[in-house]
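The values are calculated or read from the model by the stated rules, or taken from the named source; none is laboratory data. Bear in mind the structure is a predicted one, so any value in this text is a computation, not a measurement. Cβ sites come from the backbone with ideal geometry, for glycine too, and all protein chains shown count toward neighbours. When the accessible area is computed, the model is the full protein with side chains, heavy atoms only, and any ligands, DNA or RNA have been set aside. Shrake-Rupley method; radii C 1.70, N 1.55, O 1.52, S 1.80 Å.
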Amino acid sequence: RSLEKWRSLEKWRSLEKWRRMSRKYDVTIFGATGFTGSLAAEHLARRLKVEGGWSKYAIAGRSATRLGELKERLCKEVDERFEQVGELVGSGSDPAFLEEMCSSSKVVLSYVGPYLKYGLPLARAAIAHGSDLCDITGEATYQMELLKMHEEAKSKGVTILTSCGYDSVPFDVGSLGLVKHLRARVGGAKGK
């Protein structure tokens, strides 16, 4: 019986992988018109200039006007082909928009906070629609709530990465400094 259950789960996972493979966008940057989101969009534009594949990426935010302005700026400053990048317009408080964004994206990079307010509904939509999710927050309360979704995300093959960069960088740098200090104090410790 457990073998039958395992085969059923494996069949479901392979269908989920196929469904993800057929998404319109590989990556969507949500919150692309904010300060950090626009830096991410610019980084993406510079990477795409080398690697191509413009139409497999999207920028998302609340304002069509601001998304258009961002695209126009990046077309001028980086590469005119940024015009091919998709635009998704909607709010983090609109469940229908979150469902649309997640169902059309393999991965959503979120720069929309506060995460306790906007990140949790996004995480729920990502899990429901099989999209991987990455954010930059260091909001501990939000992260604790995400832990409650871990088993469901895992069972659906969804990866959720939180605190990637931004808020975590000072702590990472501090930890590295402490490690270097301790190694110097101990003397002769291997590794760098």
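With respect to the conditions (1) open to solvent by 70 Å² or more (accessible area, probe 1.4 Å); (2) at pLDDT 95 or above, Ala64 falls short on a single one, namely (1). Hey, does the range 94-102 have a residue that's open to solvent by less than 70 Å² (accessible area, probe 1.4 Å), in contact (Cβ under 8 Å) with a residue 24 or more places away in the chain and of a type in the set (D, E, K, R)? No, every residue in the range 94-102 fails to be open to solvent by less than 70 Å² (accessible area, probe 1.4 Å), in contact (Cβ under 8 Å) with a residue 24 or more places away in the chain and of a type in the set (D, E, K, R). Checking Leu146, Leu161 one by one, the residue that is within 24 Å of Val27 (Cβ to Cβ), touching a Ser or Thr at 6+ places or on another chain (Cβ under 9 Å) and not hydroxyl-bearing (Ser, Thr, Tyr) is Leu146 and no other.
Within the range 29-42, can you find the residues that are assigned to a loop (DSSP other than H, G, I, E, B) and either of a type in the set (Asp, Glu) or at positive phi (or both)? Listed by number, the list holds a single entry, Gly31. The number of residues in the range 67-93 being under 30 Å from Glu151 (Cβ atoms) and either open to solvent by 40 Å² or more (accessible area, probe 1.4 Å) or more than 17 Å from the chain's Cα centre (by Cα) (or both) comes to 1.
Looking only at residues of the range 121-178 that are among the β-branched types (Val, Ile, Thr) and surrounded by 15 or more Cβ atoms within 10 Å (Cβ to Cβ), we find that the one that is farthest from Val107 (Cα to Cα) is Thr137. Every condition in (1) modelled with pLDDT of 95 or more; (2) farther than 27 Å from Arg46 by Cα is met by Leu182 except one, and the failing one is (1).
When the range 43-56 is filtered for residues that are under 20 Å from the mean Cα position of the chain (by Cα) and part of a helix (DSSP H, G or I), the ones remaining, listed by number, are His43, Leu44, Ala45, Arg46, Arg47, Leu48, Glu51, Trp54, Ser55, Lys56.
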